[in-house]
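Each value in this text was obtained by applying a stated rule to the coordinates, not by laboratory testing. Because the structure is predicted, anything quoted here is derived from the model rather than measured. In this analysis, Cβ positions are derived from the backbone assuming ideal geometry, glycine residues included, and neighbour counts consider all displayed protein chains.
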Amino acid sequence: MPVAVPVLLGVPVDPDAAEARRLAEEELAKAIYDHSPSLIDRLLTWLQQLYEALTRLGGQTPSGVVPLLLVLAFAAVVALGLLLGGRARRRRLARTAGASAGLFEDARTSADLTREADAAARRGDYSLAVLERFRATIRSLDERALLDDRPGLTAHEATVLATAALPGLSAELDRAGRLFDDVRYGHAVADARDDQAMRHLAEQVGRTHTRAVAPVAVP
């Protein structure tokens, strides 16, 4: 009795070698797969060799077995692509999360940044308010010559410098820097309490008096 062969994802039940290779190329070329060309070539070569070996056995096996084995082999290739693609995406996300972009995107003053933060808070955009208020706080320290701003300064570096200048606010500055990164990179959405905490920190920094010291620079 002929063996019933399932159709998987629109794959022809009995593809020839050229069709099998084309289907595999189309599947592996999708953006979800992140393989180097050499890996794709090896997978396609293996699939074609498997097809040719099964074709040679076609006369010695029941009708329908060869197409079924081809479908299963194709499914295995797709599963491998999903596995490797997922790992590659996770590595890219980890690298992106670990590499902070520059804190400042322009040369606005602390007063300008504070006005932008206030306007965002009035609109209910607390995430933008938190980002702009943290920038305003760090920019105010630069304007007071308490830290040495530079192009590419990250939020983490700015927090370290601000803590060195204002050690009494180290815990608050650390929380603010972490919140800035979490909000900026989409790991958290700020709310009214976060905005209020950032306002309180900005007020504390503004009220803090320090003796004249050389600006703290990034090593």
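Quick one: net charge around residue 110, please, counting Lys, Arg +1 and Asp, Glu -1 for every other residue with C-beta under 14 Å from its C-beta.
That sum, taken over residues with Cβ under 14 Å, equals -2.
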Loop-resident trypsin sites (Lys or Arg not before Pro) in the stretch 132-211 with no more than 11 other Cβ atoms inside 10 Å, DSSP not H/G/I/E/B, are 211
